[in-house]
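Worksheet: the structure to be examined is printed underneath.
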Amino acid sequence: MPDFGISEKYKLITDDELVILYMNGVQDAFTALSVRYIYVIKKLASGFKGMSVEYEDLIQEGLIGLSDAVGSYSKDKGASFRTYSAKCIRNRMISAIRKANSSANSINNEVVSLSEQWDVMSAPLTEPELAVDSVERTKEIYRVVRENLSELERNVLSLYIDGKRYEEIAGDLGITVKTCDNAMQRVRKKLRHLK
């Protein structure tokens, strides 16, 4: 395992001691824990390969989960730091996947409502194969939107998908409500004619 310049003194102390050091402001203690737990993070991330979040992003989420574990760990609650941190890391990855799926489904649902030709995308996701298929379809939708909509139309659509009303979108983008409405009409028209 690489040591990334971690001092020998940090290699010889327990996880609990590293947590205490970090809580007392010793930044190198978290680096030492990160080096110590990177294999756990990678192993957990590999279990989610093929999902809606890239492997490298899952690694980042895992490091954030480790940081969360360090900040909230209490030896008094009975679990070892190893057990507790693995749970925090895994939960952080699952949360990122759920958020990505939620965003993908939000885009999917909006496009379906804008274009009846894409009804297949409204099917509920119940199996991993369908989830992977949905991710691929979502990427295709992003490509189509990127290539066929103007920057204004993309911005209006994005804010509309986020649940904003025309008045809010107009305020955010510094345009009139009429300009916003016209942009959404063009979006609907363009997406309706795409296959």
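Here, each number is a calculation from the coordinates, and none is a lab measurement. These numbers were taken from a predicted model, which means no experiment stands behind them. Counting neighbours? That spans all protein chains shown, and the Cβs are built from the backbone with ideal geometry, glycine included.
Points to keep in mind about this one:
- Fewest-first sequence of C180, C88 by Cβ atoms within 10 Å of each Cβ: C88, C180
- Cross-link pairs beyond the 32 Å C-alpha cut-off, checked among K42/K99; K11/K99; K9/K99: K11/K99; K9/K99
- Full-extension gain in nm, K11 to Y39, via 0.36 nm per residue minus C-alpha separation: 8.5 nm
- Remark: M51, M23, M184 ranked as M23, M184, M51, counting other beta-carbon atoms within 10 Å and listing the fewest first.
- Whichever lysines have a C-alpha closer than 24 Å to that of K189, once near sequence neighbours (fewer than 8 apart) are set aside: K139, K164, K178
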